[in-house]
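Laboratory data are not the source of any read-out in this text; all were calculated from the coordinates shown. Bear in mind that the values here come from a model prediction, so they are computed numbers and not experimental data. Glycine gets a Cβ as well: all are built from the backbone with ideal geometry, and neighbour counts include every protein chain shown.
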Amino acid sequence: MDAVAAARLERHAAAEEEARWRAEAGEARALLAGARGGEAEQARAAAGAAEALALLDGQLQRARAEHAQELGALRTRRNAELEQLHTRVEAAMAKKASQVGRLREQLRAAEVQARDATGMLRKLEQGFS
């Protein structure tokens, strides 16, 4: 082979090798761009997930606040009902105590009348005998 043919062959081999390197470099660039695109996509997905998490956290906080408010209102209402019930029970007990007091007074008066009547009967019996 002459020098020209050998040079052509070397140049051809070098061109093929350069084309192969360029192709590999293109593939590497494409993979890198895909990875960067994947990273960007992952970053967007992570940002979306963080946004959704923040939204859910806000909803949870609002639900907890509403629950605490409703619980407070229920406790207030229950305490008011218990206070009303306590007042009614005390009034009923006072009324019953008053009635018991009146009945005891009536009993004492009836006992006094019975003693007086018994005494009068004895005097009458003694007067007839």
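Could you tell me which of 99, 5, 59 has its Cα farthest along the dipole of the chain towards the positive end, charges placed at Cβ (Lys, Arg +1; Asp, Glu -1), taken about the Cα centre?
Of the listed residues, the answer is 99.
Round to the nearest 0.05 the FRET efficiency obtained for residue 25 and residue 4 when R0 = 22 Å and r is the Cβ-Cβ distance.
That gives a FRET efficiency of 0.10.
Just to be sure I understand: if I project the alpha-carbon convex hull of the range 47-107 onto a plane and average over all orientations, what area do I get in nm²?
Hull-based average projected area comes out at 4.0 nm².
For the chain, with only Lys/Arg (+1) and Asp/Glu (-1) charged at the beta-carbon, what is the dipole magnitude about the Cα centre, in debye rounded to 20?
1840
Counting helices only, and only those DSSP H runs with n ≥ 4, report the 222 nm mean residue ellipticity of the chain as the sum of -39,500 (n - 2.57) divided by its residues, in deg cm²/dmol to the nearest 500.
-38000 deg cm²/dmol
With +1 assigned to the C-beta of every Lys and Arg and -1 to the C-beta of every Asp and Glu, and no other charges, what is the dipole magnitude of the range 63-129 about the Cα centre in debye, to the nearest 20?
Details: 13 positive and 9 negative charges, 26 e Å.
Taking the Cα centre of the range 63-129 as origin, the dipole is about 120 debye.
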